[in-house]
1. Please label the shape of the range 114-205 as rounded, prolate or oblate, based on the square roots a ≥ b ≥ c of the eigenvalues of the alpha-carbon gyration tensor (a/c under 1.5 means rounded; beyond that, a/b larger than b/c means prolate, else oblate).
2. Sorted by average packing, counted as other Cβ atoms within 10 angstrom per residue and highest first, what order do 309-315, 328-334 take?
3. What share of the DSSP beta bridges in the range 284-415 is antiparallel, in percent to the nearest 5?
4. Going by Cα centres, the range 491-529 and the range 23-96 are how many Å apart?
5. Describe numerically, in nm with one decimal, the distance between label points set 7 Å from Cα along Cα→Cβ at residue 153 and at residue 271.
6. Quick check: the angle from helix 417-437's long axis to the longest principal axis of the chain, C-alpha only, nearest 10 degrees?
7. Could you let me know the centre-to-centre spacing of the range 323-391 and the range 224-301, using Cα atoms, in angstrom?
8. Sort 158, 290, 135 so the one with the fewest other Cβ atoms within 10 Å of its own Cβ comes first.
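Bear in mind that the values in this text are calculations on the coordinates, not laboratory data. As the structure is a prediction and not an experimental result, all values here were calculated from the model. With ideal geometry, Cβ positions are generated from the backbone for all residues, glycine too; neighbour counts draw on all protein chains shown.
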């Protein structure tokens with residue numbers, strides 16, 4: 001099988017910002033606290049240890065116990081929740097939307113990365129405890145982003161209207177979706193397990209937050225995963241002082257805007273609002289605006305004076321929801337967190353936020369790009385071997401791969417660059433002669449050069465076309481294999497759902513993830529099933 005390793009930087013699937021971050025470009029040094037290496041966690045532990053109130057721990061533990069009421073949880077998860085009362089306990093956190101039935105595969109990769117990093121840290125720092133946290137994005141309102149998942153070639157979709165925080169959304173009607181999914185799953189022990197898991201998650205729980213907690217707990221509870229819902233009045237009470245600063249001083253807007261000027265050469269993930277808070281109710285999540293010396297709730301008739309708004313915040317903090325700019329600050333205020341694990345897009349916007357953390361005197365976490373995985377079958381590995389393909393080949397742009405392999409298969413050199421360079425040199429000499437004899441000839445010389453170069457390019461294209469036709473069968477097999485591994489020329493992990501692989505391999509599939517993923521190694525993990 002191919003044995004080469006694909007770094008994130010060379011994969012072609014990460015932005016320039018993330019590539020430069022992974023390459024530790026000096027221009028980005030001011031945007032993060034510590035780079036993710038095992039030795040850098042020592043300093044992060046010491047800093048967080050002195051900058052996280054002990055009183056917050058008891059509130060966090062009480063809130064988690066309340067959130068888990070009615071759920072059966074493993075002894076290791078119970079232990080991890082209790083350990084959060086200990087000043088020697090810290091968290092590693094990942095967050096994700098409440099994607100329907102986990103959504104794309106990378107939901108699993110995020111959580112496995114988080115759990116595995118906790119285990120690695122415990123081996124290196126045995127005097128401390130490390131708890132893996134899955135932060136459920138229950139307050140998001142972009143339901144259209146999460147209301148479906150792909151199973152093989154079928155999209156399983158939950159058709160429902162949603163206006164407020166998705167975590168509060170009722171799950172009624174999902175028994176019909178289960179029926180459609182069950183038909184696609186077919187038969188067998190693994191298929192029956194998934195049907196049962198779907199039913200217990202979505203049909204037997206009243207809202208999407210509880211359904212997602214049940215599902216994630218069933219998949220990862222035996223590994224000690226702790227699932228946290230930030231839509232919690234007690235936890236938001238801890239954030240009230242920071243929300244006040246946001247409402248009155250608009251600090252995040254000022255600080256993030258300053259940082260964004262340092263990132264002019266990059267594509268920005270997010271842009272700050274003047275106020276980065278939403279006002280939420282069960283069927284409402286709207287921006288808080290500052291207009292005419294009053295606070296206004298967008299798309300409503302609600303208007304508050306400053307005194308009224310601050311009083312509402314104190315009385316009902318659960319009605320205030322941080323947006324993407326402030327949610328990371330909220331997370332780090334309520335958790336003894338050392339590291340946030342996220343995809344390239346997430347880490348991209350975290351890199352915009354450090355100055356706002358400093359303004360609020362909150363420790364900025366280590367930022368770690370989650371593990372990315374390509375799942376392949378034995379049969380696909382054998383195909384790659386037979387076609388003499390490396391993993392780098394399969395990760396490359398499809399047209400470039402097509403041309404590269406055509407060149408390799410050909411007996412001739414299909415690149416006419418040398419001939420074109422020779423022509424250019426010859427015409428440079430002709431141009432010198434023309435300028436020394438009759439300058440009016442220079443235009444004719446240039447036109448002839450363009451014509452000759454164009455002729456060579458046409459010959460090159462015709463020869464490549466002929467070679468592609470000659471090797472069409474082999475090239476077709478190469479493209480077919482790449483399409484299997486990269487559906488629609490996208491990463492597999494961003495489209496396929498775990499059910500596709502669970503039906504074939506069962507729990508062995510998830511165990512292989514735990515065995516293979518190494519969070520601190522920034523390379524694509526190739527797993528043969």
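1. Taking the square roots of the gyration eigenvalues as a ≥ b ≥ c, the range 114-205 is oblate.
2. Per-residue Cβ counts within 10 Å, averaged per peptide and sorted highest first, yield 328-334, 309-315.
3. Percent antiparallel among DSSP bridges in the range 284-415 is about 60.
4. Here the two parts' Cα centres lie 25 Å apart.
5. Taking the two extended label points, one gets 4.2 nm.
6. Roughly 60 degrees, rounded to the nearest 10.
7. For the range 323-391 versus the range 224-301, the Cα centre distance is 22 Å.
8. 290, 158, 135
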